[in-house]
Amino acid sequence: SQALMFKKNDIDASLDCNPGIKTERDGDPIANIISLKEAADIVSKKKSQNVMFDVQSTEFVYHGAIDSENIAHLKPTWRFVLHNENDSMNYNVYVDAVSGDCNYFRYNSI
């Protein structure tokens, strides 16, 4: 689901929101995050140096998983949407803005 907020704790619009999902605060407040440039460097090192990717978009999002009790565990994350002309695939690459952990999935456009 996605939500658009201009003011803290005031959701202006939402899409595909599941009202059964709850969020809980985990851990201490986050004081420092990885910059966009640092995240881009991590993505560059993670992906092949032999392929040139076209960057479609970059976003700062909250990304995570929903556990068996319907509680969402979200982390601040840089999301890069890339396109590779060589295999005609799109890649969503996620860089955890605190730890720098990087993962991705790829998909074909219809």
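Before moving on, here are some points about what is shown:
- Förster radius 22 Å - calculated FRET efficiency between Ser35 and Ser88, Cβ distance, rounded to 0.05: 0.10
- Potential lengthening between Val81 and Gln49 on full extension [0.36 nm per residue; Cα-Cα distance subtracted]: 9.8 nm
- Residues Thr77, Thr58, sorted by accessible area with the largest first, give Thr58, Thr77 [1.4 Å probe; ligands and nucleic acids excluded].
- FRET E, pair Thr58, Asp28, Förster distance 41 Å, beta-carbon r, rounded to 0.05: 0.95
- Theoretical FRET efficiency, 1/(1+(r/R0)^6), r = Cβ-Cβ of Ser68 and Tyr107, R0 30 Å, to 0.05: 0.70
The values are calculated or read from the model by the stated rules, or taken from the named source; none is laboratory data. Note that the structure is predicted; figures quoted are calculated from it, not measured. Positions of Cβ are generated from backbone atoms using ideal geometry, with glycine treated the same way; all protein chains shown enter the neighbour counts. These accessible areas exclude ligands, DNA and RNA; they are computed on the full protein's heavy atoms, side chains included. Shrake-Rupley method; radii C 1.70, N 1.55, O 1.52, S 1.80 Å.
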